[in-house]
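Only one structure is covered here, and it is reproduced in the block below.
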Amino acid sequence: MCSSDLALAGAGTQVANARYSGSGQLNAGSYAIGLSQPSASATALGYELSGIAPGTLTVTPAMLGTVTGVTARDRIYDGSTAAGLDLTQARLEGARQGDALQLVGGTGQFVDKHAGQGKTVQVTGLALAGDDAANYVLAQTGATTTASITPATVTAVTGIRSEEHTSEIQ
């Protein structure tokens with residue numbers, strides 16, 4: 001991110017201490033603005049600038065739309081509904097290319113603990129991280145995906161004993 005004064009084209013308006021995202025956009029936040037001399041381009045075009053007063057420029061964080069590419073990992077039955085998540089292929093609709101932004105966190109839960117193929121997994125608690133995360137709001141903090149629970153293999157049975165019983169049938 002860089003920091004400098006921003007001159008709004010043709011208006012002679014200065015934004016003090018402007019800060020930029022990785023994609024070159026002005027970071028979300030409030031900035032003091034003031035009027036400097038009208039630019040030569042505005043004057044050359046015959047514009048007379050008036051009514052511009054010092055104030056505050058507020059840049060609001062952009063709303064990100066749909067989150068896609070969140071997947072849950074298949075696992076072996078363990079009696080729980082916990083599902084491991086993979087966010088490496090997650091995509092954030094509306095993020096600007098070049099911004100340092102990642103999807104992090106989240107908890108996955110199978111709909112039930114039973115073994116089965118293609119089971120629904122509810123994902124909650126997704127969040128944003130990265131140098132440019134403050135420039136965005138995540139509209140969708142959850143997702144739905146599928147994964148499988150494979151039946152556990154029984155490898156040994158212990159503690160079973162056999163007793164001999166006799167009985168007479170009359």
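The values are calculated or read from the model by the stated rules, or taken from the named source; none is laboratory data. Because the structure is predicted, anything quoted here is derived from the model rather than measured. Positions of Cβ are backbone-derived with ideal geometry, glycine not excepted, and every protein chain shown enters the neighbour counts. For the accessible areas, the whole protein counts, side chains as well, though only heavy atoms, and no ligand, DNA or RNA atoms are used. Shrake-Rupley method; radii C 1.70, N 1.55, O 1.52, S 1.80 Å.
Here are the numbers for the structure shown:
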{"item": "Hits in segment 147-169 (condition: open to solvent by less than 80 Å² (accessible area, probe 1.4 Å) and not small (G, A, S))", "result": "I149, T150"}
{"item": "Every pair of residues 6+ apart whose Cβ atoms lie under 6 Å, when the first sits in segment 53-69 and is in contact (Cβ under 8 Å) with a residue 12 or more places away in the chain while the second is outside any loop (DSSP other than H, G, I, E, B) and open to solvent by 50 Å² or more (accessible area, probe 1.4 Å)", "result": "T56/S30; T58/S30; P61/V137; M63/V137; T68/R91; G69/R91"}
{"item": "Complete set of residues in segment 8-21 that are open to solvent by less than 40 Å² (accessible area, probe 1.4 Å) and modelled with pLDDT under 55", "result": "G10, A11"}
{"item": "Strands (runs of 3 or more DSSP E) contained entirely in segment 59-170, each with at least 2 residues that are under 13 Å from the mean Cα position of the chain (by Cα)", "result": "62-64, 102-110, 116-129, 136-138"}
{"item": "Candidate set: segment 120-133, residues that are hydrophobic (A, V, I, L, M, F, W, C) and surrounded by 15 or more Cβ atoms within 10 Å (Cβ to Cβ); chosen: the one farthest from S80 (Cα to Cα)", "result": "A133"}
{"item": "Candidate set from segment 97-107 (those that are touching a Gly at 6+ places or on another chain (Cβ under 8 Å) and under 22 Å from L26 (Cα atoms)); member that is surrounded by the fewest Cβ atoms within 10 Å (Cβ to Cβ)", "result": "G98"}
{"item": "Matching residues, segment 22-45, being modelled with pLDDT of 60 or more and part of a loop (DSSP other than H, G, I, E, B)", "result": "G22, S23, G24, Q25, N27, A28, S36"}
